[in-house]
Amino acid sequence: MLVAAVSSGCASYHSHYAMFPAENSAGESRQIRLSWQSADYPDWWFTSDKATAIRVETQCSERVWRLRDSADPQAGECGTGIRACGEAGQDLHAPSGKLATDGVSCMVAEPSDPQARVAEIGGSLDLLVSCAPVSRTVQAGDEERNLDYLRASPVPYTVYVRKAPRGSLRAKMPEFDDSVCDAK
């Protein structure tokens, strides 16, 4: 009974999110949304803080990036820190203009800290994007799917993040305005 009492209330669970305006690779103004969940443990507890991958979504696009740190077994072998690897045949490494391979890091959060962990991110983060889509759209039957994403930049985007207790009204992420996507 003591173990149940001690372990049940040890972590604080939070939702993290950010939304900011930026251009996609086609130069169109879009909203970009980042989100993840975390479990924060007290300093005296034997378990370290944990977090899910950071989701990076672009308004009007179906492509979702997941930035993972080295604690995540699905992080991929494309570098250190919090990163998302490019997919062979789908992404171009913008600085070189060459096709990204599975070993190329396309998005990195906190690029100046190769030991960064998602669970340690505070009220802001730097996001470096170094890839562009090979094709911004893909034909799927009669429908055209948009796979465009945040424009590559040699300078990281500074993103300010909200943190709220999971389940609270403040934890509700902002929605994209899809009417912008239909305005073509």
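The values are calculated or read from the model by the stated rules, or taken from the named source; none is laboratory data. If you're wondering where the values come from, they're calculated on a predicted model, not measured in any experiment. When we count neighbours, we look across all protein chains shown, and the Cβ atoms used for this are built from the backbone with ideal geometry, even at glycine. These accessible areas exclude ligands, DNA and RNA; they are computed on the full protein's heavy atoms, side chains included. Shrake-Rupley method; radii C 1.70, N 1.55, O 1.52, S 1.80 Å.
The heavy atoms of THR137 offer some 50 square angstrom of accessible surface to a 1.4 angstrom probe. A helix-only calculation puts the chain at -1500 deg cm²/dmol for mean residue ellipticity at 222 nm, using -39500 (n - 2.57) for each DSSP H run of at least four residues, averaged over all residues. Relative to the Cα centre, the charge distribution of segment 12-168, modelled as +1 at Lys and Arg Cβ and -1 at Asp and Glu Cβ, gives a dipole magnitude of about 240 debye.
Shape of segment 86-184 from its Cα gyration tensor (a ≥ b ≥ c, root eigenvalues): rounded if a/c is under 1.5, otherwise prolate when a/b > b/c, or oblate? Oblate shape, in that a/c is at least 1.5 and b/c is the bigger or equal ratio.
Restricting everything to alpha-carbon atoms, can you work out Rg to Rh for segment 120-162 with a Kirkwood hydrodynamic radius?
Checking Rg against Rh, the ratio lands at 1.18.
From the coordinates of this entry, Cα Rg over 2.2 N^0.38 Å is computed, and it appears in (1) 1.13; (2) 1.25; (3) 1.00 under the label (1). Looking only at ALA71, ALA132, ALA140, which one moves most when the chain is put into a Gaussian network model with springs between Cα atoms under 10 Å? Judging by the Gaussian network model, the answer is ALA140. Annotation for ARG145 and ARG170: the two label points, set 7 Å from Cα along the Cα-Cβ direction, are 3.7 nm apart.
Please give the FRET efficiency for THR158 paired with SER179, using the beta carbon to beta carbon distance and R0 = 25 Å, rounded to the nearest 0.05.
Details: r = 28 Å, r/R0 = 1.12.
Rounded to the nearest 0.05, the efficiency is 0.35.
GNM on the chain, alpha-carbon springs under 10 angstrom: the most fluctuating residue among SER48, SER130, SER25 is SER48. In this view, the solvent-accessible surface of ARG117, computed with a 1.4 Å probe and all protein chains in place, comes to about 60 Å². Taking all protein chains as they are arranged and a probe of 1.4 Å, the heavy atoms of MET107 leave approximately 0 Å² accessible to solvent.
Ignoring ligands, DNA and RNA, how do ASP49, ASP177 rank by accessible area with a 1.4 Å probe, largest first?
On the way: ASP49 45, ASP177 85 Å².
Reading off the accessible areas and sorting them downward yields ASP177, ASP49.
Tell me the carbon and sulfur percent of the accessible area for the chain, rounded to whole percent, probe radius 1.4 Å. Kindly include the intermediate steps, with their values, before the conclusion.
On the way: 5320 of 10340 Å².
Result for the chain: 51 percent of the exposed heavy-atom area is carbon or sulfur.
Residues LEU92, LEU99, LEU169, LEU147 ordered from highest to lowest accessible area at a 1.4 Å probe: LEU169, LEU99, LEU92, LEU147. Applying a 4.7 Å Cβ-Cβ cutoff to the chain, the cysteines left without a disulfide-compatible partner are CYS10.
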